Amino acid sequence: IYILACLIDFFTTRKIYTQTTKGFKVGDVTMTFESIYNDVCVTMDSVHSSNGPLKEETMNNVEKYVEKDDHLPVLLTRLRTQGKKVFLATNSDYKYTNKIMNYLFDAETNPDNASWITFFDFIVVDARKPLFFAQGTVLREVNIKTGGLHLGTFTGKIRSNAIYSGGSVDVFNGMMGMVNSSAEVLYVGDHIFGDILKSKKNRGWRTFLVVPEMLQELAVWTQQSQLFRKLSDYDAQIADMYRNMDSSDVTHPNITKIKKAIREATHEMDMAYGKLGSVFRSGSRQTFFATQVMRYADLYAATFTNLIHYPLTYCFRSPPMHMPHESTVDHDATITDEKFRSILATWKSKVTGFNDSQSRQSLMQRSDSTTQRLFCEAPQELVEVADDFLEDDPLEDDIY
């Protein structure tokens, strides 16, 4: 996004380029916004490819670009010690994966000097996510000594200390014995679409989204707390100005100054997050990314090694969330609308005023109803139960 924004700014500020409704023009050359976007995508794919300069530069300067975490070997060891199975699925090839993992599990973080391969039960490179969560690709075994692939499709039983290339979730489930246990898998990823959304929607896995920007987000949240309070105060001021007014009022309060103050506070808050602003907030409102995180990620944090601070049987539950109509009415509030109270009282008398056993049946099941039934009968017994209700502790996972 940043590169695309820089290109648009470049073409806009250079006098030799003439801006059109669909892009820019210079001489006989026309560039649409769509073509600029496509060029950026092709370039990014080329840079990120196995033979691209990004991975080559990273492997040549691992210490500069890769951050170690001393908790990583400890957490993986604890997971396996307590009976969990740990798998690694990456889109990178074996050469790049081996270089990075050897650095993460070197003698500094791994005193026993055990191979990084021994920390996992199942390892897949060249996974090609999100295709891995759908039809997948051919599963082949990697020759660890040469980095090449063995001929043919691998169909045997998975072996420890082995690495595989390609495959799919279906193959993974069969090899790991996870036929009907999708809710027992906690999948950790850092890509909201390729990792979290696809694994959640296609496979029903539990998901953990890694959002490194959270450290910056929380820093601004604490350092700029006065801005958040200021926005809340502005909202309260607007509410007070409209208090005791209804549809009969022909005049309206002047909130121009407050709206201007809100825009200024919002801009100041956005600037505190940096050039691109917050990934979670735009002023006091949530971004589209934030709504996707809340919808598809069961857990999210700056790093998944935060799990080391919790028992592996811990049940993570989000705090209750209010809908807009609930957040405006306290639980101890008294309903004053006489019409609503009358309807509610009538409904209560109809439901609770029956004495005979037949009348106490659900109104949907009564045979003496005078209303013609226009739809088929509702099921009289349980026909399906969601996975979430089959387990006493749904997040007490067996596989990470």
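The values are calculated or read from the model by the stated rules, or taken from the named source; none is laboratory data. Everything quoted here is computed from the prediction, not taken from an experiment. Positions of Cβ are backbone-derived with ideal geometry, glycine not excepted, and every protein chain shown enters the neighbour counts.
Restricting attention to the range 214-235, report how many residues are surrounded by fewer than 15 Cβ atoms within 10 Å (Cβ to Cβ) and of a type in the set (D, E, K, R).
Kept after step one, since they are surrounded by fewer than 15 Cβ atoms within 10 Å (Cβ to Cβ), are these residues of the range 214-235: 215, 218-219, 222-223, 225-226, 229, 232-233, 235.
Narrowing the set further to residues that are of a type in the set (D, E, K, R) leaves 229, 233, 235.
Going through the range 214-235 one residue at a time, the tally reaches 3.
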Of the conditions (1) surrounded by fewer than 12 Cβ atoms within 10 Å (Cβ to Cβ); (2) among the aliphatic types (A, V, I, L, M); (3) under 25 Å from residue 320 (Cα atoms), residue 245 satisfies every one except a single condition; which number is it?
(3)
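Please work out if residue 238 is of a type in the set (A, V, I, L, M, F, W, C) and buried (at least 17 other Cβ atoms within 10 Å of the Cβ). Walk me through how you get there before you give the answer.
Values: of a type in the set (A, V, I, L, M, F, W, C): yes; buried (at least 17 other Cβ atoms within 10 Å of the Cβ): no.
Taking the combined requirement at face value, the residue does not satisfy it.
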Among residues of the range 134-175 being of a type outside the set (Gly, Ala, Ser), more than 18 Å from residue 202 (Cα to Cα) and not in a loop (DSSP other than H, G, I, E, B), the residue modelled with the lowest pLDDT is 175
Checklist (1) of a type in the set (Val, Ile, Thr); (2) in contact with a helix residue (DSSP H, G or I) (Cβ under 6 Å, 6 or more places away or on another chain); (3) modelled with pLDDT under 90 applied to residue 40, failing item
(3)
Quick check on this structure: which one of 229, 159 is among the basic types (Lys, Arg) and farther than 30 Å from residue 256 by Cβ?
159
Name, by its number, the condition in (1) in a loop (DSSP other than H, G, I, E, B); (2) surrounded by fewer than 19 Cβ atoms within 10 Å (Cβ to Cβ); (3) polar (S, T, N, Q) that does not hold for residue 110.
(2)
Among 338, 326, which is surrounded by 11 or more Cβ atoms within 10 Å (Cβ to Cβ), at pLDDT 60 or above and over 22 Å from residue 211 (Cα atoms)?
326
Just checking, how many residues over the range 129-167 are surrounded by 12 or more Cβ atoms within 10 Å (Cβ to Cβ) and of a type in the set (Lys, Arg)?
2
Does the range 244-257 include one or more residues that are within 24 Å of the chain's Cα centre (by Cα) and either modelled with pLDDT of 90 or more or not in a helix (DSSP H, G or I) (or both)?
no
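Of the residues 23, 27, which is surrounded by fewer than 13 Cβ atoms within 10 Å (Cβ to Cβ) and either farther than 30 Å from residue 104 by Cβ or at pLDDT 90 or above (or both)?
Of 23, 27, the one residue that is surrounded by fewer than 13 Cβ atoms within 10 Å (Cβ to Cβ) and either farther than 30 Å from residue 104 by Cβ or at pLDDT 90 or above (or both) is 27.
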